[in-house]
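Below is one structure, written out as structure tokens; the observations come after it.
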Amino acid sequence: MKLWLHMELAAPLVSFGGESIDAQRVTREFPSLSMFTGLIANALGWSRQMREEHQALQDRIVFGVARKCLTPSDRMMDYQTAKLEKGEKVWSTTGVPIGRAGGLASYVGSYQQWKEYLSDIEHSVVLRLDPQDKQPNLEEVAKAIQKPARPLFIGRKSCLPSRPLYEGIVKSPSAFLALQSILSEEKQDFRVIWSGREGSEGSYTKFDISDERNWRTGLHGGSRIVYEGRIEGTKPE
């Protein structure tokens, strides 16, 4: 029997990232492997420079997520713009401010972004570490999620959870069955995804997803197999 960390991701707004082009920053419907890596690392108080530790942690994470079906009102777009002159700089993910290269000294331009969010969401998550005997272990991660070294957010830093993430530890042979036991009393149906490392359960769709980060280079890439299925809620008599 495997041990799973049970978390509930509830927030007014979340953004899980996705394949973005230029200023269009989209969100996935489900959280990514790289997001959980960053979430746990942040709870543990790791620094961005701990690249090997981040990579090793990501390689060990196995998870499944259940969510309600989306409706058009679940999505919103935030339009952002800023006036940037040639000499002004902005912060980058490397921690070093960057500016505009070339152009006239009097150049003035608008920096625009369209950022997509999901609104009023609740995701049920089960997560384990494989192998389980390495550091950090699941018990250490569970303690860090309950008392994080820094504030936690779900996706972007503006996406703060509306309640504590930690819900307990669940015993189950697979991610799908763990989620099924958690949601056994729910009246509604849920869409579910889980890692291909867990194998298939019931009726499912199998596909490739690109949601990993190469923490050594700071770039996203690669792909992994995931399954998508459905957990049906308890029907009224």
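The values are calculated or read from the model by the stated rules, or taken from the named source; none is laboratory data. Just so it is clear, the model here is predicted, and its values are computed rather than measured. Methodologically, a virtual Cβ is constructed for each residue, glycine included, from the backbone with ideal geometry; neighbour enumeration extends over all protein chains shown. SASA here: full protein model, heavy atoms, side chains in, ligands and nucleic acids out. Shrake-Rupley method; radii C 1.70, N 1.55, O 1.52, S 1.80 Å.
Just a few scattered comments:
- Across the chain, Cα pairs under 8 Å and at least six residues apart give a relative contact order of 31 percent.
- Taking chymotrypsin sites (Phe, Trp or Tyr not before Pro) as exposed when their DSSP state is a loop state and no more than 14 other Cβ atoms lie within 10 Å, the longest site-free interval of the chain runs over 108-237.
- 0 to 90° range, to nearest 10: angle between helix 51-60 axis and the chain longest Cα axis: 30 degrees
- Across the chain, the convex hull enclosing all Cα atoms gives 142 Å³ per residue.
- Residue (of Ser172, Leu39, Pro12) at the positive-pole extreme of the chain, dipole from beta-carbon charges: Leu39
- Basic side chains Lys and Arg get +1 at the Cβ, acidic Asp and Glu get -1 at the Cβ, and with that the dipole of region 1-67 about its Cα centre reaches some 100 debye.
- For region 139-237, the Cα gyration tensor yields ellipsoid semi-axes of 26, 22, 14 Å (square root of five times each eigenvalue, largest first, whole Å).
- Expected 222 nm ellipticity per residue - DSSP helices of 4 or more, -39500 (n - 2.57), all of the chain, to 500: -5000 deg cm²/dmol
- For the chain, DSSP calls about 95 percent of its internal beta bridges antiparallel.
- Pairwise FRET efficiency - Glu52 versus Arg224, Cβ, R0 = 22 Å, nearest 0.05: 0.65
- Cross-link pairs exceeding 28 Å in C-alpha to C-alpha distance, out of Lys2/Lys206; Lys83/Lys115; Lys2/Lys115, comprise Lys2/Lys115.
- With R₀ set to 41 Å, the beta-carbon distance separating Ala149 from Tyr79 gives a calculated FRET efficiency near 0.75.
- Amide H contacts of Asn214 (H built 1.01 Å from N, under 5 Å, at least 5 apart or other chain): Leu219, His220, Gly221
- Solvent-accessible surface of region 149-237, taken per residue with a 1.4 Å probe and all protein chains present: 60 Å².
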